[in-house]
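The values are calculated or read from the model by the stated rules, or taken from the named source; none is laboratory data. In this text, all values refer to a predicted model and were calculated from it rather than measured experimentally. FYI the Cβ positions are ideal-geometry reconstructions off the backbone, even for glycines, and counts take in every protein chain you see. Each accessible area value is taken on the protein alone, full model and side chains, heavy atoms only, with ligands, DNA and RNA left out. Shrake-Rupley method; radii C 1.70, N 1.55, O 1.52, S 1.80 Å.
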Amino acid sequence: DTGVSQNPRHKITKRGQNVTFRCDPISEHNRLYWYRQTLGQGPEFLTYFQNEAQLEKSRLLSDRFSAERPKGSFSTLEIQRTEQGDSAMYLCASSLQGTDTQYFGPGTRLTVL
Amino acid sequence: AQTVTQSQPEMSVQEAETVTLSCTYDTSESDYYLFWYKQPPSRQMILVIRQEAYKQQNATENRFSVNFQKAAKSFSLKISDSQLGDAAMYFCAQQGGSEKLVFGKGTKLTVNP
C-alpha cells in the first residue's frame, strides 16, 4: 500500500531563491491538497485540485506561490523569491472524490536562511 | 468563517488511564464533518476518528471515542487505556462548505509510564 509521498523531505535555501516541492498522491485519489504548517500551529489550507483543475486557493497563496497538477497525478508547489517567513512544513494530502477523509504525506520542511 | 479552537495546548496522562481532549468549532454550514488527527513527532498526520455532523451517534474507533455536542459546537476526543504510542500532537479539524480542512492549533499529549 503506497501512501502519499513528498519530495524532498527537507529543503534549505537562501532568501530570494526559488524552490519546488513534489507530491505524489495515493494512486486512485483524484483530489490533492496543499497545506502549510508553521511551528506550534495547525496546518493551514493553501490550495486543492480535483484531477488537473485547481478549484480553490487560499489568500495565503501569494503571487510568489504557484501549484500545478498537469496530468491529474502528481503535483508541484513552487515558491519564487523565497522569504524567511516561508519557512514551514508544507503538507500534501489526497482524497477520493465522494469521500471526506484526507490522507497526508510526511511533508517537506523548508528552511529559508 | 469556520474556526476551530483547542483550548488545551498540552495535556498529560498516565499509561492505561483515560484522557479527554477538548475542541470547539464554529460554522454556518448545516452539513459538515469533524475529524481528529494525530501527528507523532517527526511523523506524518494520521486520521484518528471522524464524525458526520448529521449523525447523532458519537463515533468510536477502538480506544478512541468522541463526545459530539452539536448545539454546543463541541467535539471532544476521549482516549481510553492510554498507551505510550498515543503520545503526539492531536489536531481537531472541520470540513464543510468547501473541501478544505480547517484545523485547530493542536494539543500536545504526553503519556507517562
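Of the residues contained in the stretch A:15-33, none is found to be of a type in the set (A, V, I, L, M) and open to solvent by 30 Å² or more (accessible area, probe 1.4 Å).
List every residue pair whose Cβ atoms lie under 7 Å apart, where the two residues are 6 or more positions apart in sequence or sit on different chains, the first residue falls within the stretch B:91-104 and is within 7 Å of chain A (Cβ to nearest Cβ) and touching a residue at least 60 places away in the same chain (Cβ under 8 Å), and the second residue, located anywhere, is outside any strand (DSSP E or B) and acidic (Asp, Glu). What qualifies is B:Gln95/A:Asp100.
Checking every residue in the stretch B:64-87 against the condition of being within 14 Å of chain A (Cβ to nearest Cβ), under 12 Å from the mean Cα position of the chain (by Cα) and not aliphatic (A, V, I, L, M) gives zero matches.
Quick grid of which residues meet (1) of a type outside the set (Lys, Arg); (2) more than 30 Å from B:Glu52 (Cα to Cα); (3) surrounded by 13 or more Cβ atoms within 10 Å (Cβ to Cβ):
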| residue | (1), (2), (3) |
| --- | --- |
| A:Gln41 | yes, no, yes |
| A:Leu46 | yes, no, yes |
| A:Gln84 | yes, yes, no |
| A:Leu91 | yes, no, yes |
| A:Gln97 | yes, no, no |
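Criterion applied to B:Arg43, B:Arg50 was being within 14 Å of chain A (Cβ to nearest Cβ), part of a strand (DSSP E or B) and among the charged types (D, E, K, R), and the one residue passing it is B:Arg50. Evaluating B:Gly85 against the criteria (1) buried (at least 16 other Cβ atoms within 10 Å of the Cβ); (2) assigned to a helix (DSSP H, G or I); (3) not basic (Lys, Arg) leaves one unmet condition, (1). Which of the residues spanning the stretch B:13-70 are loosely packed, with under 14 Cβ neighbours inside 10 Å and in contact with a Gly (Cβ under 6 Å, 6 or more places away or on another chain)? Of everything in the stretch B:13-70, just one residue is loosely packed, with under 14 Cβ neighbours inside 10 Å and in contact with a Gly (Cβ under 6 Å, 6 or more places away or on another chain), namely B:Glu29.
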